[in-house]
Amino acid sequence: MPGLAALVGVGATLATVHQAGKQLTLAEEGQYTTRFNEATKNLGAEKRDVAIGGIYAFDRIMHDSEKDQPGVIAVLTAYARENSAVPMTGTFTKLSGRIPELRPDISAVVSILAARPQGKDGRAQVDLTYTDLHNLRLVAYRVDETQNQLTKGGAKPELLHLGPVNLNQADLRFARIARVDLDKSFLGSANLTCLFFTDTTLLGSNLEGAKLDLVNWLEVKLGDKADLSGARLRGATLEDVDLSHADLRNTELCDTTFKNVNFTGADLRGAKLKGARFVNSTGTPPANSLSCQDWPLPAPITPDGTVVDTQPFTEQSRHAHCKYPVDMQ
């Protein structure tokens with residue numbers, strides 16, 4: 001029966017192919033396990049450059065193996081929290097004079113997480129709570145295209161996607177973040193003093209109790225009903241920001257400049273607005289002279305010892321405070 005023999009032969013061939021495929025899959029999984037273990041060993045190295053090599057090895061694993069992405073996120077975020085922690089006391093380290101650079105290994109972790117494949121996190125959380133990220137530079141633009149994109153209307157690069165991320169009590173003072181998706185993130189009680197945000201989205205994010213003194217926000221999208229209740233937003237500059245229906249109860253807004261900001265429907269009960277300026281904004285709140293606690297800040301001091309007069313407060317004052325900070329927490 002030649003027909004039956006042919007069928008038996010085909011079945012045997014399919015079984016062999018299936019077994020070979022199964023063995024190949026097991027071999028690949030074994031390779032990923034080996035790579036994962038080696039990258040983990042490198043993270044624990046005393047030499048910083050070896051640890052950075054381990055971080056980028058995890059980046060390659062995350063792009064090669066979808067099932068390993070949650071594990072990579074867990075390992076890298078744990079590394080950042082352990083090696084760049086802020087005090088658990090609730091107070092931030094005072095910074096004065098020249099602001100130190102962020103550790104390169106921590107910067108690499110954040111950059112890799114922001115460029116991770118989307119929709120493959122599983123149940124993993126990008127947990128950067130209580131992490132020191134001061135002076136972070138997370139910018140989607142390349143150095144050679146920033147000037148063209150921002151000033152000449154060129155095509156914008158794709159967003160980086162760090163969110164959703166938990167930044168509770170994180171230190172992001174003096175950070176510069178441009179064209180980054182931070183949607184559905186938690187920044188409650190985070191310290192964002194002197195943070196520069198541009199072309200960034202915070203849709204559905206929570207900034208309750210965040211420290212936002214002296215920030216510079218340009219084209220930041222917060223979405224409907226953003227929660228900024230109890231936040232400190234003193235001496236800041238906000239331009240082209242939509243705060244419609246935002247929760248701004250008990251927010252400190254002294255000496256902040258609002259340009260082209262939409263306040264329609266925003267809840268500003270208890271907000272302190274002494275010295276606040278509104279330029280081409282809609283739905284602006286009625287003026288009040290409620291003062292902000294511990295404001296103004298100590299006068300900036302230049303490296304040659306010159307005390308900078310920042311009163312009355314202007315945008316130049318904000319720049320001076322961020323360039324020459326004194327005991328800034």
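Full extension of the segment from Arg137 to Lys47, taken as 0.36 nm per residue of separation minus the current Cα-Cα distance, would add 30.1 nm. Ignoring ligands, DNA and RNA, what percent of the 1.4 Å accessible area of the chain is carbon and sulfur? Its accessible area is 53 percent carbon and sulfur atoms.
Under 5 Å from the amide H of Val139 lie the amide H atoms of Ala178, each residue being 5 or more positions distant or on a separate chain, with H modelled from the backbone and absent for Pro and chain starts.
Counting only DSSP beta bridges with both residues in the chain, the antiparallel share comes to about 10 percent. Axis angle, to the nearest 10 degrees, between helix 2-43 and the longest C-alpha principal axis of the chain: 40 degrees.
Across the chain, the relative contact order, built from alpha-carbon pairs under 8 Å that are at least six residues apart, equals 10 percent. Working out 0.36 nm times the residue gap between Ile301 and Lys94, then minus their Cα-Cα distance, what length gain in nm do you get to one decimal? Here the segment from Ile301 to Lys94 would lengthen by 73.0 nm. Relative to the longest principal Cα axis of the chain, at what angle does helix 48-64 sit, 0 to 90 degrees, rounded to 10? Helix 48-64 sits at roughly 60 degrees to that axis.
Here the peptides 74-85, 34-45 are ranked by packing, the mean other Cβ count within 10 Å, and the order with the highest first is 74-85, 34-45. By the Stokes-Einstein formula, at 0.890 mPa s and 25 °C, the chain with its Kirkwood radius over alpha-carbon pairs has D equal to 111 µm²/s.
Take 59-70, 300-311 and order them by the average number of nearby Cβ atoms within 10 Å per residue, most first; the result is 59-70, 300-311. Could you calculate the FRET efficiency of Glu82 with Asn250 from 1/(1 + (r/R0)^6), where r is the beta carbon distance between them and R0 is 35 Å, rounded to 0.05? Computed FRET efficiency for Glu82 and Asn250: 0.50.
By the rule of a C-alpha distance below 12 Å, with chain neighbours fewer than 8 residues away ignored, the aspartates and glutamates paired with Lys156 are Glu145, Asp199. Ligands, DNA and RNA aside, Met88 has an accessible area near 140 Å² when probed at 1.4 Å.
Excluding ligands, DNA and RNA, the accessible surface per residue across region 197-329 is 45 Å² with a 1.4 Å probe.
Between helix 104-114 and the chain there is an angle of about 70 degrees, using the helix long axis and the longest principal axis of the Cα atoms. Of the peptides 238-248, 114-124, the ranking by mean beta-carbon count within 10 Å, highest at the top, reads 238-248, 114-124. Our coupling estimate for region 215-232, obtained by passing each phi through the Karplus curve with A = 6.51, B = -1.76, C = 1.60 and θ = phi - 60°, is 6, 10, 10, 10, 6, 9, 9, 9, x, 6, 6, 4, 9, 10, 4, x, 6, 9 Hz, Gly and Pro reported as x.
The values are calculated or read from the model by the stated rules, or taken from the named source; none is laboratory data. Bear in mind the structure is a predicted one, so any value in this text is a computation, not a measurement. So basically every Cβ, Gly included, is an ideal-geometry build from the backbone, and we count neighbours across all protein chains shown. Protein only, heavy atoms only, side chains kept; ligands, DNA and RNA dropped before computing areas. Shrake-Rupley method; radii C 1.70, N 1.55, O 1.52, S 1.80 Å.
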